[in-house]
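S.K.: Below is one structure. I have some questions about it.
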Amino acid sequence: MWHQLTLPRETALKMIRLGELTLDGSKTPVMIVSMPGQRHPDKTTLSVYLTRTLMQRLRRLAQERRQTATQVIEGMA
């Protein structure tokens, strides 16, 4: 019989790497599941302030390219 445990992604990965598939030392196996809706641990937040006109230009460019503003910015890198 499996017990399902929902953990943050990084904690789940650490437990899997260390082979700690039980929490209390018993022989009951635990199925580790990452919490839904978490961002990939390799991603970080970028916050910038833009003038309204620059933001309008960015949105218009994204709309012309049929992309999101994020996709336009990622394409510049």
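The values are calculated or read from the model by the stated rules, or taken from the named source; none is laboratory data. Just so we're clear, the structure is a prediction, and the values are computed from it rather than from any experiment. Heads up, the Cβs are rebuilt from the backbone with ideal geometry, glycines too, and the neighbour counts pull from every protein chain shown. Just the protein is used for accessible areas: all its heavy atoms, side chains included, with ligands, DNA and RNA removed. Shrake-Rupley method; radii C 1.70, N 1.55, O 1.52, S 1.80 Å.
S.K.: Taking only pairs six or more apart or across chains, which ones have beta-carbon atoms under 7 Å, a first residue in the stretch 55-70 that is more than 23 Å from K43 (Cβ to Cβ) and in a helix (DSSP H, G or I), and a second residue that is open to solvent by less than 100 Å² (accessible area, probe 1.4 Å) and at pLDDT 95 or above?
M.R.: Sorted first by the residue in the stretch 55-70, then by its partner, the list stays empty.
S.K.: Can you tell me which residues in the stretch 41-53 are of a type in the set (A, V, I, L, M) and either at positive phi or modelled with pLDDT of 95 or more (or both)?
M.R.: Here is the first cut: in the stretch 41-53, the residues of a type in the set (A, V, I, L, M) are 46, 48, 50.
Across the stretch 41-53, there are no qualifying residues.
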